[in-house]
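In what follows, a single structure is set out as structure tokens and then discussed.
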Amino acid sequence: MDYLKPAEVVATMIESGTRKAGLSVPDLLVRGALSGAILGIATSLAITASVQTGVALVGALIFPVG
């Protein structure tokens, strides 16, 4: 992994934020809906794994995968 100077990281963050601020409303709604769906699926998968195994650690390990 390459080292980046803090100024380069800040410049990249500003560029990314500027690009996202210029998105249209329908694009923002689609992105929001898809990210919510992915979060819901990951949560359901983690809870299901925890309940079925009886070990909470299994759900904690599966959640980031979802």
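The values are calculated or read from the model by the stated rules, or taken from the named source; none is laboratory data. Here the structure is a predicted model, which is why all the values come from computation and not from measurement. As a convention, Cβ positions derive from the backbone with ideal geometry for all residues, glycine included, and neighbour counts pool all protein chains shown.
Details
- Meets criteria (among the hydroxyl-bearing types (Ser, Thr, Tyr), surrounded by 11 or more Cβ atoms within 10 Å (Cβ to Cβ) and either at pLDDT 95 or above or part of a helix (DSSP H, G or I) (or both)) for SER16: no
- Of the numbered criteria (1) at pLDDT 95 or above; (2) loosely packed, with under 10 Cβ neighbours inside 10 Å; (3) not acidic (Asp, Glu), the one PRO64 fails is (1).
- Set VAL10, VAL30: member being over 28 Å from VAL65 (Cβ atoms), assigned to a helix (DSSP H, G or I) and aliphatic (A, V, I, L, M): VAL10
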